[in-house]
Amino acid sequence: MDSGECSNSNPSSSSPPAAGVWARLVPADSAYPEVAVAEDDAVVCSLVTPAAGGEELAWCEIRRGGDASSATIRNLSSDAIIVDGRVIQQEVVDIKPGSEIVPGPEKDGHLAYTFDITAVKDHNENNVKIVLDIENAKCSICLNLWHDVVTVAPCFHNFCNGCFSEWLRRSSSNSRDKSQSAACPQCRTAVQSVGRNHFLHNIEEVLGKQKNQSRKRPLPQPSDESNDAELPCPQCGTEFSGFRCSPGAAHLQCNGCGGMMPARPSTSIQQKCLGCDGTFCGAYWYSQGLSSRHRGLICNPETFRMISQHHISRLPDTLHGGNPFEKDITERCIQQSGKTLQAVISEWIAKFDNKELDRSRLQLNNVDAITSRTHLCNHCYNKFIDFLLYWFRVSTPRNLLPPDAASRDSCWYGFMCRTQHHRPDHAKKLNHVCRPTRSNP
C-alpha cells in the first residue's frame with residue numbers, strides 16, 4: 001500500500017466503525033472503502049509498507065468546526081499534506097463538505113479523499129427535547145416571567161405586553177421630541193415595530209409550570225400534624241426585630257427570589273426599586289437581621305441597595321448599548337485618567353446629585369426623584385452606570401481620547417444607531433457615544 005493510504009482503507013479490513021461517526025473521507029479510488037471520522041476517534045492514520053511488515057502512522061486529525069457544516073483538519077504527519085490544492089505543514093485549517101484532501105505533499109502516489117459530513121438523524125421522537133430556561137424568559141421591565149409576550153424589532157427583545165405598553169406611554173410623556181421613536185427598554189435601540197410572538201406565547205404555560213416547580217421559597221402545604229411547615233414569609237408565625245405579620249396582612253412578592261415579605265410602606269426600609277418599580281426583599285430582610293446565610297430562601301442584600309452603597313470593579317457588558325468597541329474605548333479613557341472605575345463613577349454620581357446632567361437619556365422610572373441615596377436593583381444600577389459613563393465619554397476632550405478613537409467621525413444616528421448592533425465594521429469605524437444628528441430611517 002502506498003504511504004498515503006489510510007489505515008482503515010484496506011479493502012480486506014472488516015473492523016466495525018467507531019461510535020459517534022459524524023464525518024467521512026470518500027476515496028477517489030472506489031476500490032478502497034470510506035474512512036469514518038468519529039467523535040472519539042478523530043485521528044486518521046496511514047499504513048506504510050516497508051520490506052518487513054507494515055506500520056500505522058497518524059497523518060491528520062479532523063474535528064468539528066464552529067457550525068454544523070464546517071470542520072478543521074490538522075496535519076500530524078512528518079511531511080506536508082494537501083488540502084484543497086494548498087500545501088499544509090503543521091497548521092490547522094478549515095475544511096467543508098467537498099474539500100479534497102491528499103495525505104502527502106503531492107498527488108502522485110497518494111490516495112485523494114473528499115471530505116463529507118454525515119447527517120445523523122434520530123427518528124425517535126422521544127429523544128426530541130425543547131430546553132426552556134426561565135432565566136432567559138423574563139421580561140426585563142418587571143423581571144417576571146413573560147405574560148402575553150410581545151417582540152420588538154429590529155433588536156428582537158421580548159417583554160410583557162402590558163409592561164411594554166406602559167413603557168411606551170412613559171417614554172412618550174417624558175420625551176421632548178414626540179416624533180422620535182421609543183427606545184427598547186433593554187438595549188435602547190429605536191423601536192420600529194412591535195408584535196405578539198405567537199411561538200413564545202404558546203410556551204408561556206409550560207414555562208409557568210416550570211417556574212412553579214423551581215420556586216426558591218415553596219408555598220406552605222396545610223398540615224394538622226405539624227406547625228413547622230415552611231411559610232412563604234419568614235415573619236409569618238415568627239417574630240423578627242420586634243415585628244410579626246398579623247393574620248391577613250398584605251404582602252409583596254420579590255421579583256428576585258419569588259418569596260414574600262410584609263408590605264410596610266410606613267417604615268423607612270425600601271422595598272421597591274425606584275428605577276423599575278419592581279419589588280426586592282434583600283434590603284428589608286437585612287434590616288430585620290436576616291440574611292441568606294441564616295435563611296437561604298431570601299435575596300442577598302447586594303441585589304438591592306442604595307446607589308452610594310454599590311461597588312463596581314468592571315464595566316457592564318451592556319455598556320453603550322452593548323457596543324464592545326465603545327466599551328473598550330471608555331475603559332482605556334478611565335485607565336488613562338489614572339483613576340479607578342469606582343472613583344470615576346463616584347465623581348459623576350456627585351455631578352448627578354448636583355443636577356449637572358441632563359437626565360432625559362436615563363432609561364429609568366422616576367428619574368427626577370433618583371439620588372445617590374436611592375435604592376436600585378442591579379439591573380437598574382447597570383443602566384445608571386451606562387448613563388453616567390455616557391456623560392463621562394461625551395465630556396472627555398478629543399485630545400484625551402485614545403488616538404484610534406479621536407480620529408473617528410461621529411455616526412449621524414449616535415447612540416440610537418441600529419447598524420452598530422449587526423455591523424461590527426460600522427460599530428468600530430464611527431463614534432456612537434454621541435447624540436443623534438438625524439432620526440433613524
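The values are calculated or read from the model by the stated rules, or taken from the named source; none is laboratory data. What you are looking at is a predicted structure, and each value in this text was computed from that prediction instead of being measured. Heads up, the Cβs are rebuilt from the backbone with ideal geometry, glycines too, and the neighbour counts pull from every protein chain shown. Each accessible area value is taken on the protein alone, full model and side chains, heavy atoms only, with ligands, DNA and RNA left out. Shrake-Rupley method; radii C 1.70, N 1.55, O 1.52, S 1.80 Å.
Here the helices (runs of 4 or more DSSP H) wholly within the stretch 362-441 that include at least 2 residues being over 27 Å from the mean Cα position of the chain (by Cα) are 403-406. GLY289 - would you say it is modelled with pLDDT of 80 or more, farther than 29 Å from ALA137 by Cα, open to solvent by 30 Å² or more (accessible area, probe 1.4 Å) and in contact with a strand residue (DSSP E or B) (Cβ under 8 Å, 6 or more places away or on another chain)? In short, yes. Taking the residues in the stretch 344-358 that are open to solvent by 40 Å² or more (accessible area, probe 1.4 Å) and assigned to a helix (DSSP H, G or I) as candidates, determine which candidate is nearest to HIS379 (Cα to Cα). Once the filter is applied, the top-ranked residue is SER346.
Before we move on, is GLU331 part of a helix (DSSP H, G or I), surrounded by 15 or more Cβ atoms within 10 Å (Cβ to Cβ), of a type in the set (D, E, K, R) and in contact (Cβ under 8 Å) with a residue 40 or more places away in the chain? No: the conditions fail for GLU331. In the stretch 354-372, the residue that is modelled with the lowest pLDDT out of those that are basic (Lys, Arg) and under 21 Å from SER140 (Cβ atoms) is ARG361. Would you confirm whether or not the stretch 298-305 contains a residue that is modelled with pLDDT of 85 or more, touching a Cys at 6+ places or on another chain (Cβ under 6 Å) and crowded, with 20+ Cβ neighbours inside 10 Å? Yes - at least one qualifying residue is present in the stretch 298-305.
Selection of first residues in the stretch 287-303 that are of a type in the set (S, T, N, Q) and of second residues that are at pLDDT 65 or above and in a loop (DSSP other than H, G, I, E, B), restricted to Cβ pairs under 6 Å at least 6 apart or on distinct chains, gives the following pairs, ordered by first then second residue: SER287/ILE269; GLN288/SER241; SER292/ILE298; SER292/ASN300; THR303/GLY256.
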